[in-house]
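The values are calculated or read from the model by the stated rules, or taken from the named source; none is laboratory data. Note that this is a predicted model, so its numbers are computed, not measured. Neighbour counts are summed over all protein chains in view; Cβ atoms, including those assigned to glycine, are modelled from backbone coordinates with ideal geometry.
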Amino acid sequence: MDISKELVAKSDQMNAIDLARDVTVTILDVFKGQSDKRVHIVTDIYGTERPFKPSKTVLRDIAQAWGLESQVWIGRRLTLFNDTTVLWAGQESGGIRVRAMSDIDKAFEAKHAISRTTSKKVMIQPLAAPVQVPVRDWQTEIDATTTTAALTALYQQIRQIPGAYTDELKTAFTDRGAALKATVAPEQTEGDAA
């Protein structure tokens, strides 16, 4: 069971504490907030849309790599992490930082302010293109099963993939199972009579 969604704090935005590990997100939208006037980047963290209100440091990193026009960022990906050394009011409280970005050819050096007088240099890495996994046509595979054992094996495969087992496929498995049992029953009856 994937518990990643349970790690997310109840909040109207992505928080550093939500990042128990590096998370790669896709930018779905970028807009300016009505009340807080901050840039909101809508992402797909843990399979749900969640706004990320980046710090000025993160905005500078993104702008350095992708430019100032935020609409260009949509569809691109970021690997985010909780940098526990980020200071807030002089204390290490953690903050979201960028580890890698899509659509860059090579790593680049970014300068992060630590205080008014000190800064540190960090390297942001290129993010490899995602591996394209062929989409399975589950309905066709269900329809092609010829035994209940094959249908059961297919059912066990689909249940291992988060979000793949939809109501439509549940109905398809039920219907196919009934059809397979109906074709087996007459043969068993004839054999029992002999």
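Computed values, structure above
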read-out: Residues of the range 90-118 that turn out to be under 15 Å from VAL58 (Cβ atoms) and in a strand (DSSP E or B), as a count; value: 12
read-out: In the range 93-123, residue modelled with the lowest pLDDT [restricted to those that are within 26 Å of the chain's Cα centre (by Cα) and among the small types (Gly, Ala, Ser)]; value: SER93
read-out: Subset of the range 124-175 that is small (Gly, Ala, Ser) and at pLDDT below 90 - its residue that is farthest from ARG60 (Cα to Cα); value: ALA164
read-out: Every residue from the range 112-125 that is free of Cβ contacts under 8 Å to residues at least 60 places away in the same chain, touching a helix residue (DSSP H, G or I) at 6+ places or on another chain (Cβ under 8 Å) and within 20 Å of GLY67 (Cβ to Cβ); value: HIS112
read-out: Members of the range 48-86 that are out of contact with any strand residue (DSSP E or B) (no Cβ under 8 Å at 6 or more places or on another chain) and of a type in the set (Ser, Thr, Tyr); value: THR48
read-out: Strands (runs of 3 or more DSSP E) enclosed by the range 1-61 - at least 1 residues per element that are modelled with pLDDT of 65 or more and not assigned by TED's automatic domain parsing to the domain that holds TRP88; value: none
read-out: Inter-residue pairs, beta-carbon under 6 Å, first farther than 18 Å from ALA164 by Cβ and in the range 133-151, second not small (Gly, Ala, Ser), 6+ apart; value: THR148/LEU180
read-out: Test for ALA89: is it out of contact with any Cys (no Cβ under 6 Å at 6 or more places or on another chain), closer than 30 Å to ILE161 by Cβ and at pLDDT below 80; value: no
